[in-house]
Amino acid sequence: RRLPAAIEVDRLVKVYKQTRAVDGISFSLSRGSITGLLGGNGAGKTTTIAMIMGLVLPTSGKVTVLGHRMPEESADVLGRMNFESPYVDMPMRLTVRQNLTIFGKLYAVSDLKARIARLAEDLDLNEFLDRANGKLSAGQKTRVALAKALINEPELLLLDEPTASLDPDTADWVRAHLETYRRDNGATILLASHNMLEVERLCDRVIIMKRGRIEDDDTPDAIMARYNRSTLEEVFL
Ligand code: ATP
């Protein structure tokens, strides 16, 4: 039997008072894919991701995650997904280990100590595992945020601009780690981004959003061939 798609979005709409933030989008992501949701400010990327997570209620349309309707059946899937966002802060006074323990308990991770030890090894956290989160450098915080996002070994990972405001080396490191995680776990990744180059390097599919709609949906190569610098800039207007 074929597994249901990782994410299925069908004629999804979100209207705020003045704004059609998401204006009737449909797509289906197969398991194990990495897809970039690309668009400028206000294109509707964050709202789309929030609806997929079941945090924002659609005005109309349908979201299915790992075969379950969102948000009605979110209890069945939230433990199998995770997300990373610069907007999710962790308590600054607690150590990295304490923070990861809290999130691990939230996700009911079995054998949490072993999981944290494994992540500390993979993400090179050992040197500062017992340091307060507030005392970390930006690069270290990024690694901790990634550890938090992977604490429950999610089948589905949603990321909102994972490498925005990172230095190029750290950004490369994050991309490489996401690629490895996808390869080793067959996980599905959806990431919102402003940055075509980031998406081109990492993703096997690019969905371009503009003013709440899907403007294009193709492989990075096809997208790069179709747009030149100025038409790509238009996407971001
Ligand atoms: P950015 O890259 O700037 O985060 P985005 O593509 O993620 O942009 P959204 O944050 O989804 O875009 O916003 C889409 C539109 O919906 C914008 O015009 C925004 O102002 C509006 N919007 C988003 N959230 C709300 C809200 N809670 N109330 C009212 N309007 C909202």
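Based on this model, can you work out whether Thr19 counts as of a type in the set (S, T, N, Q), within 15 Å of the ligand (Cβ to nearest atom), open to solvent by 40 Å² or more (accessible area, probe 1.4 Å) and more than 21 Å from Asn195 (Cβ to Cβ)? Yes.
The residues of the stretch 1-16 that are away from the ligand (no atom under 15 Å from the Cβ), of a type in the set (D, E, K, R) and not in a loop (DSSP other than H, G, I, E, B), listed by number, are Glu8, Asp10, Arg11.
Within the stretch 60-87, the set of residues being over 28 Å from Ala164 (Cβ atoms) and either open to solvent by 80 Å² or more (accessible area, probe 1.4 Å) or free of Cβ contacts under 8 Å to residues at least 60 places away in the same chain (or both) comprises Ser60, Lys62, His68, Arg69, Glu72, Glu73, Ala75, Asp76. Give me the residue from the stretch 125-138 that is exposed (fewer than 14 other Cβ atoms within 10 Å of the Cβ) and within 19 Å of Asp172 (Cα to Cα) and, out of that set, modelled with the highest pLDDT. So the residue we want is Ser137. Taken together, Gly79, Gly42, Gly61 contain a single residue that is modelled with pLDDT under 95 and on the phi > 0 side of the Ramachandran plot, which is Gly42.
Taking the criterion of being open to solvent by 50 Å² or more (accessible area, probe 1.4 Å) and in a helix (DSSP H, G or I), the residues of the stretch 103-113 that qualify are Lys105, Leu106, Lys113. Being open to solvent by less than 30 Å² (accessible area, probe 1.4 Å), under 21 Å from Ser28 (Cβ atoms) and in contact with a Leu (Cβ under 9 Å, 6 or more places away or on another chain) is the filter here, so list the residues in the stretch 196-215 that pass it. Within the stretch 196-215, Val199, Leu202, Cys203, Val206, Ile207, Ile208, Met209 qualify. A search for C-beta distances below 6 Å between a residue of the stretch 26-45 that is without any contact (Cβ under 8 Å) to a residue 40 or more places away in the chain and any residue that is away from the ligand (no atom under 16 Å from the Cβ), counting only pairs 6+ apart in sequence or on different chains, returns Ser28/Ala5; Ser28/Glu8. Of all the residues in the stretch 156-165, those that are surrounded by fewer than 19 Cβ atoms within 10 Å (Cβ to Cβ) and away from the ligand (no atom under 16 Å from the Cβ) number 0. The set of residues in the stretch 17-31 that are in a strand (DSSP E or B) and of a type in the set (Lys, Arg) contains only Arg20. Inspection of the stretch 201-219 finds no residue satisfying the criterion of being closer than 30 Å to Arg93 by Cα and more than 16 Å from the ligand (Cβ to nearest atom). When Arg183 is tested against the conditions (1) more than 25 Å from Lys113 (Cβ to Cβ); (2) of a type in the set (Lys, Arg); (3) open to solvent by less than 40 Å² (accessible area, probe 1.4 Å), the lone failure is (3). The condition of being under 17 Å from the mean Cα position of the chain (by Cα) and assigned to a helix (DSSP H, G or I) holds for only one of Leu78, Leu100, Leu119, that being Leu78.
In the stretch 32-59, the residue that is most open to solvent (accessible area, probe 1.4 Å) out of those that are away from the ligand (no atom under 16 Å from the Cβ) and within 16 Å of Ile207 (Cα to Cα) is Ser33. Annotation: of all residues in the stretch 60-72 being part of a loop (DSSP other than H, G, I, E, B) and within 18 Å of Thr188 (Cβ to Cβ), the one that is farthest from the ligand (Cβ to nearest atom) is Gly67.
The values are calculated or read from the model by the stated rules, or taken from the named source; none is laboratory data. Computed from a prediction, not measured in an experiment: that's the story for all the values here. All Cβ positions, glycine included, derive from the backbone under ideal geometry; neighbour counts span all protein chains shown. To get the accessible areas, we keep the full protein, side chains included, count just its heavy atoms, and leave off ligands, DNA and RNA. Shrake-Rupley method; radii C 1.70, N 1.55, O 1.52, S 1.80 Å.
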